[in-house]
Every structure is written in C-alpha cells, then in structure tokens.
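Notes follow once the structure below has been shown.
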C-alpha cells in the first residue's frame, strides 16, 4: 500500500522534530506541544498519526530498526543471515548517516530499552554465526554470544557517543577482523 505524499511529509516532519527534541532533552521532558511547535503542526495533526509520544517513539525505533536490518543484510547473499564486510561497512555508514537519531537514542536517559533492543538484534545475528570449534572450543555458546554482542554494541555506542572519531569504513573493517579472529563470522 502506497502512502499519500502529504501523509509521508507530515510524518517526516513529526519524526524530524521528535529526533531534534530528543537530542536536546530527555524523552520524559518532551511534550506534544513542543513537538507540534517544532514540527509546525497542530497538536491534533500529531494525534491523527500517533496515539502519544510513546507510540511515536515505538514507531520511530521500529522504522529505524527495519531500515537497519535491510542495510545489514548481505547484498551478495540474499538468503544468508550473517554479515559480510560489505554489509558491515554499509551498516556503519548507515549509523553515520543517521547520527542524530542513534546518538539521541544512546545518550538519552529515558532510552535504555533502545540499547537493549540493539543488543538483542546483535545476539540473534551472532548466535547464528558463532563457531564453537578450534579457538572457541569448550566455551559455553550463550556466554560467548552475549560477550561478543555486548562488545560490539559497546563499541558502536562508544563510536557514536564520541562523535565517530574514526571513519565508518575503518570501524567496520576492524569489527570484521575481530569477528574473524574470534571465529564469529562464517567463511
């Protein structure tokens, strides 16, 4: 189903205003009045599209994760769920392009659930890829998966919170090498 251009334009204005406000203040402090002023829309228009600010937050996060998952997928291997170096670079560049959203979500005091959701996505991906032979032989799989997912999410969080001190491509290459070194990505 195709969304009317006017509806898309309105939702984009609301989302943009919401992300900007999230960069300036804690989620709990944001009001629908502030959102409507920033988006230059009537409060009623916001309520036509979202039940409340929590609904808006859920939909924003859902849309970002859906886009992120598209980017994470390997373009070379459509049916395969583990990343390639190319997909890691594309993912890092996606974070770079959407810096304001991700930095707001990771630094906002009211958003611990966002980090948890990012961690869950990482756990799911690593769980499919972990190799328990050779270097990882004898390790508890769940422990290893949690360790690697936490390390990757923590690294991404550090990178974003510190305003991306290294280029996206280099970060992706270094994560890739660490995954290979720890026998996480399949060959």
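The values are calculated or read from the model by the stated rules, or taken from the named source; none is laboratory data. The structure displayed is predicted, hence computed values, not measured ones. Cβ: placed from backbone, ideal geometry, glycine included. Neighbour counts: every protein chain shown.
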Do we have any residue at all in the stretch 133-143 that's under 30 Å from residue 59 (Cα atoms), in the same structural domain as residue 69 (by TED's automatic domain parsing) and either in contact with a helix residue (DSSP H, G or I) (Cβ under 6 Å, 6 or more places away or on another chain) or part of a loop (DSSP other than H, G, I, E, B) (or both)? no
Go through (1) in a helix (DSSP H, G or I); (2) crowded, with 17+ Cβ neighbours inside 10 Å; (3) at pLDDT below 90 for residue 69 and report which single condition fails. (2)
Is the stretch 94-110 home to any residue that is modelled with pLDDT under 85 and in a helix (DSSP H, G or I)? yes
